[in-house]
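For reference, the structure is listed below as structure tokens.
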Amino acid sequence: MHRDTTKRVHIGDCVIGGGNPVLIQSMTNTLTEDVTATVAQIHRLEAAGCEIIRCTVPTMEAARALREIKKQIAIPLVADIHFDYKMALAAMENGADKIRINPGNIGSREKVEAVVRMARERNIPIRIGVNSGSLEKELTEKYQGVTAEGIVESALDKVHMIEDMGYDNLVVSIKSSDVLMCIRAHEILAEQTTYPLHVGITEAGTVLSGNIKSALGLGVILYQGIGDTIRVSLTGDPVEEVKSARLILRTLGLRRGGIEVVSCPTCGRTKIDLISLAARVEEMVADIPLDLKVAVMGCAVNGPGEAKEADIGIAGGDGEGLLIKKGEIVRKVPEAELLTVLKEELENWQE
């Protein structure tokens with residue numbers, strides 16, 4: 001388990017690495033300069049389960065906005081910097097808990113040294129981020145294209161650069177939209193560094209395709225014990241990223257808490273409107289803070305048995321359904337009352 005042996009890094013009040021829980025990160029898509037909109041979005045992300053938030057800092061106004069944003073949120077704030085080292089300096093001056101840079105696009109060595117110097121003075125961790133889309137020409141030539149090996153070499157070159165400047169409070173991320181390449185790159189990197197890793201499938205796509213690619217890629221990477229923070233990158237509301245990340249971690253046994261809904265795919269035997277019912281159940285339980293499995297089943301073939309394996313469940317019949325609790329059939333309930341009865345049971349749940 002690589003994450004058991006990674007270096008511990010403090011990001012605000014959070015600690016990653018060294019066997020600590022894998023934390024969920026997302027990124028705002030508001031204008032960082034718009035403090036009101038950015039804070040409102042971060043609050044929504046916090047409520048959904050986001051534990052570290054990243055904001056882009058393309059302007060001095062955005063950098064100055066971080067100070068006010070930080071006052072109004074409860075989770076660590078990471079500044080995302082590209083091209084201008086002065087933005088990194090300003091972000092740290094305004095309270096960023098961590099900065100994300102690619103030393104390859106930040107400018108000359110002297111500019112990188114200025115960023116590292118301030119980070120060291122303030123003990124602010126630096127996340128070194130490398131994406132396959134920005135791999136250096138010499139590495140694409142060396143490896144005859146963009147490869148996992150090239151991405152890793154690029155990242156480690158930048159790690160060694162900052163180490164040579166006398167700083168090792170680092171987090172590393174290597175990302176690609178190619179799932180198999182991303183998996184292989186993380187496998188190689190995990191064997192060559194003990195810095196904590198931020199993992200994700202970059203530019204994964206829309207909520208549908210992005211979730212599939214992220215679940216496959218992150219699932220394989222995390223299952224091998226690689227990764228200390230994660231982001232599910234989706235083209236959509238960032239709240240969906242957090243929901244997906246929570247589900248990936250819970251499915252892998254890396255996170256407890258929250259209700260897991262299992263439901264059957266339906267078939268010609270289904271006599272109730274199970275598709276609608278399952279969707280409403282999933283929406284209803286989203287904010288219920290119980291660590292339970294809830295089953296929503298559609299017929300009498302597998303339904304009762306599957307529901308008995310859950311903590312509580314409903315199994316459909318013809319216009320009605322069974323309420324099953326802790327493996328025992330409690331009673332029959334008319335279809336129209338199934339959701340209400342299930343909600344009442346959960347609200348009054350006792351172990």
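The table below lists the values:
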{"read-out": "Every residue from the stretch 1-46 that is of a type in the set (A, V, I, L, M) and either touching a Lys or Arg at 6+ places or on another chain (Cβ under 6 Å) or free of Cβ contacts under 8 Å to residues at least 24 places away in the same chain (or both)", "value": "Ile11, Val15, Met27, Ala37, Ala40"}
{"read-out": "Strands (runs of 3 or more DSSP E) contained in the stretch 232-351 and holding at least 3 residues open to solvent by less than 90 Å² (accessible area, probe 1.4 Å), closer than 30 Å to Ile221 by Cβ and modelled with pLDDT of 80 or more", "value": "260-263, 293-297"}
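The values are calculated or read from the model by the stated rules, or taken from the named source; none is laboratory data. Here the structure is a predicted model, which is why all the values come from computation and not from measurement. All Cβ positions, glycine included, derive from the backbone under ideal geometry; neighbour counts span all protein chains shown. SASA here: full protein model, heavy atoms, side chains in, ligands and nucleic acids out. Shrake-Rupley method; radii C 1.70, N 1.55, O 1.52, S 1.80 Å.
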